[in-house]
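Data block below; observations after.
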Amino acid sequence: MHAPILAPSLLAGDHARLADSAQTVTEAGLTWLHLDIMDGHLVPNLTFGPETLAALRRAGSKLFFDTHLMLAEPHRYIEPFAKAGANLISIHIEPAYDHAATLARIRALGCQCGIVVNPGTPADAIEHLLDQVDLVLVMTVQPGFGGQPFRRDMLPKLTQLDEWRRERRLKFRLEVDGGIDPATAAECRAAGTDTFVAGTSFYKAADKAAFVAAFNRMK
Ligand code: DX5
Ligand code: ZN
């Protein structure tokens, strides 16, 4: 199993000081930053675009940019995000477009690629893509907003994906996003998860070192 990675979500940072919020992640000794890109169509909210990633790079961030595209037409925006400094780009399975071609495009641009499933979408919907991705992201809330409660009913989906991964000797990371804190992360870890997005819980934690230590205690 992959070693656990904690990826704080910049959505819960200070949007007037995003570079400082990214720096907080580096100072906590972490290497991944989760970037939530919302278009007001696939999800009922708006966040930021490629220029924000580019600005974070110019400000000196060396973090691994785990870029979660919540876009109805993600295939139209792969190049700008790759150019802006994304390291991994994840796209949702729900909207209709050529998923396989878009994953291949992400790879061709030198990024890792991921596929995302909403709570209402079964694991079967992405089964045919599992051998083409570096990461599978299982949403543990309905995407759009931070601070929602963890959907425990997503645990069987994680178990199923982990089982397929082992049976087929695949290497993708299994990530969860939404309502993650040290306690819910431990439940997901037991179901095979190795990559944990935490927005509200990370940025609200007064003692970041203690928060990261709690994650690191997971086996
Ligand atoms: C939800 C986003 C998440 C969000 C998680 O739409 O995809 O990445 O930032 O926030 P928390 O950790 O607060 O649930
Ligand atoms: Zn996300």
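When F196, F211 are compared by accessible surface with a 1.4 Å probe, the order from highest to lowest is F211, F196. Report the label-to-label distance for T121 and A100 in nanometres (one decimal), using points 7 Å from each Cα along the Cα→Cβ vector. Spacing of the two 7 Å Cα→Cβ label points: 1.7 nm. Computed over the chain, the per-residue total of -39500 (n - 2.57) for DSSP H runs of n ≥ 4 gives a 222 nm mean residue ellipticity of -9500 deg cm²/dmol, rounded to 500.
Heavy-atom accessible surface of the chain, averaged per residue, reaches 44 Å², computed with a 1.4 Å probe. Across the stretch 95-105, computed HN-Hα scalar couplings (Karplus, 6.51 cos²θ - 1.76 cosθ + 1.60, θ = phi - 60°) run x, 8, 6, 7, 4, 4, 5, 5, 4, 5, 5 Hz from first to last residue, x flagging Gly and Pro. In a simple Cβ point-charge model (Lys, Arg +1; Asp, Glu -1; nothing else charged), the stretch 26-152 has a dipole of about 360 debye relative to its Cα centre. Contact order for the stretch 5-216, expressed relative to its length and based on alpha carbon pairs under 8 Å spaced 6+ residues apart, stands at 19 percent. Placing unit charges on the Cβ atoms of the charged side chains and taking the dipole of the chain about its Cα centre, the candidate lying farthest along the positive direction among F150, F211, T47 is F211. The phi torsions of the stretch 4-18, fed into the Karplus equation with coefficients 6.51, -1.76 and 1.60 and a -60° offset, translate into couplings of x, 10, 9, 10, x, 9, 5, 3, 8, x, 8, 5, 8, 9, 5 Hz, rounded to whole numbers, with Gly and Pro shown as x.
Looking at the chain, the DSSP beta bridges with both ends there are about 5 percent antiparallel. The alpha carbon convex hull volume per residue for the chain rounds to 108 Å³.
Of the residues A190, P4, G179, the one whose Cα sits farthest towards the positive end of the charge dipole of the chain is P4 (charges of +1 on Lys and Arg Cβ, -1 on Asp and Glu Cβ, taken about the Cα centre). Magnitude of the charge dipole for the stretch 5-216, about its Cα centre and with charges confined to Cβ atoms of Lys, Arg (+1) and Asp, Glu (-1), is about 440 debye. When the solvent-accessible area of the stretch 136-180 is split by element, carbon and sulfur atoms take up 51 percent of it, the probe being 1.4 Å. Between the stretch 1-40 and the stretch 148-219, how many Å separate their Cα centres? So the separation of the two Cα centres works out to 15 Å.
The values are calculated or read from the model by the stated rules, or taken from the named source; none is laboratory data. In this text, all values refer to a predicted model and were calculated from it rather than measured experimentally. Glycine gets a Cβ as well: all are built from the backbone with ideal geometry, and neighbour counts include every protein chain shown. To get the accessible areas, we keep the full protein, side chains included, count just its heavy atoms, and leave off ligands, DNA and RNA. Shrake-Rupley method; radii C 1.70, N 1.55, O 1.52, S 1.80 Å.
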